[in-house]
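Q: Below are the structure tokens for one structure; questions will follow.
Since every read-out is calculated from the coordinates, none of them should be taken as a lab result. Values in this document were obtained by computation on a predicted structure and should not be read as measured data. Cβ sites come from the backbone with ideal geometry, for glycine too, and all protein chains shown count toward neighbours.
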């Protein structure tokens, strides 16, 4: 009984581990595990231009398969990661990278949110500091003081 | 006057909304990508012929003349749509068309041309699709306009039609021919 429960527990854990879904076919996988790992990492950053929101690692499209093959061929022939990216960018443009490169035309994309965050933060700080200055604690005038004490005493009487 | 500052966010919203709305209203398809190959030389290629009667295509064959290069396949639906128009271009002799038969079975492609007609000067077979990748093709049909120095001047993704040809390709051809004569 105990053994059975343990077995079920282990089974439940195994089943709940999400397998890394990928479209790489067994025949594509390289012999060298290090190169294969690099191929997988590269492929996950290369856009499938047919499906456009999937990486070539995820996509079953025939163009994606061809690009996966090219990535692996170039890795085997000793290309560096950046050489492979350059090969693809020369043909398909920066859009083929799922992570856009940091350069003059993409500064807004990369640093815009940061800029807006700090602009908002400094505006908020400025606003809070100003608000303190706008509301100085003026002492009550003699008339106000009189009215206040009459109100308080009136309340005590009632 | 100072209160105008509170209109800032509204202004920011309007600018952003217009920026995103314009392409939608114009009916621009965001899946159609600009080519990275514009103004670049055509890549090296050496493709075997599809037909016995016409030679295949190498780089030299595509130089020296303004022309269209059309990637097509017999298994591709939109290619069938544009085929009739390609036949008309061929008949009117506006511009020569070179065909690259993308990842196709030879017999199927031959039968297709026999059935629908052959609008091409020459046809090369891109059996493994590597030539298409060198050109930045991501889906057939795609059509490239090449100047006489072998530089890519325009790329159209999807089926060609008379209106697209008149609007987008004809003006570029005219400009190129002017350069040549001047």
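Q: Using Cβ contacts closer than 10 Å as the measure, can you line up B:16, B:143, A:106 from fewest to most?
A: Listed from fewest to most nearby Cβ atoms, that is B:16, A:106, B:143.
Q: Also: Take the alpha carbon atoms of the range B:84-147, find their center, do the same for the range A:100-134, and report the distance between the two centers in whole angstrom.
A: 52 Å
Q: In addition: Could you list A:107, B:144, B:98 in order of exposure, starting from the residue whose Cβ has the fewest other Cβ atoms within 10 Å?
A: A:107, B:98, B:144
Q: Label residue B:2 and residue B:75 with points 7 Å out from Cα along Cα→Cβ: what is the distance between them in nm?
A: 7.1 nm
Q: Counting DSSP beta bridges with both partners in the protein assembly as shown, what percentage is antiparallel, nearest 5?
A: Looking only at bridges with both residues in the protein assembly as shown, the antiparallel portion is about 65 percent.
Q: Can I ask one more? Relative to the first principal axis of the alpha-carbon coordinates of chain B, what is the inclination of helix B:8-25, with its axis defined by its Cα atoms, in degrees from 0 to 90 and to the nearest 10?
A: Computed tilt is about 20 degrees.
Q: Next question. What does the C-alpha gyration tensor say about the overall shape of the range A:20-100? Classify as rounded when a/c is under 1.5, otherwise prolate if a/b is larger than b/c, or oblate.
A: oblate
Q: Across peptide A:88-101, how many C-beta atoms of other chains are within 10 Å of each residue C-beta, on average?
A: Other-chain Cβ atoms within 10 Å of each residue's Cβ, averaged: 3.
Q: Now, a different point. Quick one: angle between helix B:106-116 and the longest Cα principal axis of chain B, in degrees between 0 and 90, rounded to 10, please.
A: The two axes meet at around 80 degrees.
Q: Where does chain A land at 222 nm, in deg cm²/dmol rounded to the nearest 500, when only DSSP H runs of n ≥ 4 count, each adding -39500 (n - 2.57), divided by all residues?
A: -20500 deg cm²/dmol
Q: Moving on to the next point. Roughly how many nanometres apart are two label points built 7 Å out from the Cα toward the Cβ at residue A:147 and residue B:25?
A: 5.5 nm
Q: Using a Gaussian network model of chain B whose springs link C-alpha atoms within less than 10 Å, name the residue from B:158, B:64, B:27 with the highest mean-square fluctuation.
A: B:27
Q: Can you tell me how the range B:1-120 classifies by the Cα gyration tensor, rounded, prolate or oblate, using a/c under 1.5 as the rounded cut?
A: prolate
Q: Normalised by the empirical 2.2 N^0.38 Å for globular proteins, what value does the Cα Rg of the protein assembly as shown take?
A: 1.59
Q: Hey, rough spin-label estimate for residue A:124 and residue B:111, points 7 angstrom out along Cα→Cβ, what's it come to in nanometres?
A: 6.8 nm
Q: Output the Kirkwood hydrodynamic radius of chain A, Cα pairs only, in Å rounded to one decimal.
A: 22.3 Å
Q: Can you give the average number of partner chain beta-carbon atoms within 10 Å of each beta-carbon in peptide B:132-140, as a whole number?
A: Counting other chains' Cβ atoms within 10 Å and averaging over B:132-140 gives 5.
Q: A further question follows. In the Gaussian network model of chain A, springs joining C-alpha atoms below 10 Å, which of A:45, A:53, A:32 carries the largest mean-square fluctuation?
A: A:32
Q: Here's something else I'd like to know. Could you work out [θ]222 nm for chain B from helices alone, using -39500 (n - 2.57) per DSSP H run of at least four and dividing by all its residues? Round to the nearest 500 deg cm²/dmol.
A: The helix contribution divided over chain B gives -11000 deg cm²/dmol.
Q: Let a ≥ b ≥ c be the square roots of the eigenvalues of the Cα gyration tensor of the range B:119-182; is it rounded (a/c under 1.5), or, if not, prolate (a/b larger than b/c) or oblate?
A: prolate
Q: Can you give the three extents of the C-alpha atoms in the range B:59-166 along their principal axes, from longest to shortest, in whole Å?
A: 33, 30, 21
Q: Out of the DSSP beta bridges found with both residues in chain B, what percent are antiparallel (nearest 5)?
A: Within chain B, antiparallel bridges account for around 60 percent of the total.
Q: With chain A treated as a Gaussian network of Cα nodes joined by springs under 10 Å, which of A:46, A:96, A:17 yields the largest mean-square fluctuation?
A: Per the Cα network of chain A with a 10 Å cutoff, A:17 tops the list.
Q: Fewest to most neighbouring Cβ within 10 Å: what's the order for B:174, B:110?
A: Fewest-to-most ranking of B:174, B:110: B:174, B:110.
Q: Here is a further query. When you take every Cα atom in the range B:14-82, what is the radius of gyration, and what is Dmax, the widest Cα pair distance, in Å?
A: Rg, Dmax (Cα atoms, Å): 18.8, 61.
Q: Working from Cα positions, state the angle (0 to 90°, nearest 10) between the long axis of helix B:170-181 and the longest principal axis of chain B.
A: 70 degrees
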